[in-house]
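Data first, discussion second: the structure below is written as C-alpha cells.
What follows draws every value from the coordinates through simple rules; no lab data is involved. Keep in mind that this is a model prediction, so the values were computed, not measured. Every residue, glycine among them, receives a Cβ derived from its backbone with ideal geometry; neighbour counts consider all protein chains shown.
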C-alpha cells in the first residue's frame, strides 16, 4: 500500500512539473512574439517616414522638371549666368 501512494505522488508531481513547464514555454513564446511584433512595428513606422520623405522629394523633383521644361524659366536662368540672345548686347553696370 505504501508503494501505491509513492507512485501516485510521483505521477502528480510529474504532471504538475510538466504542466508548469508548458505554461513557462507558452509565456516565453508569447513574450518573444510580443518583442518581435514591437520591433516590426518600429521598423514599419521608420519605413513609413522614409516613404513620406521620398514622396515629398519626388514631388519637388517633378516640380523642378516642370520648371526646366518651361522656356521662361530656362531663359531667366541662362541670363543669370551671363548669356545673351543673338544680336543682343550686354550692359555691365559696376
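Can you name the number of the only condition in (1) over 40 Å from the mean Cα position of the chain (by Cα); (2) part of a helix (DSSP H, G or I) that residue 93 fails?
It fails just one condition, (2).
How about region 69-90: which of its residues are loosely packed, with under 10 Cβ neighbours inside 10 Å and in a helix (DSSP H, G or I)?
Scanning region 69-90 gives 71, 72, 80.
Which residue, of 17, 31, 21, 10, is surrounded by 10 or more Cβ atoms within 10 Å (Cβ to Cβ) and under 33 Å from the mean Cα position of the chain (by Cα)?
From the options 17, 31, 21, 10, the qualifying one is 31.
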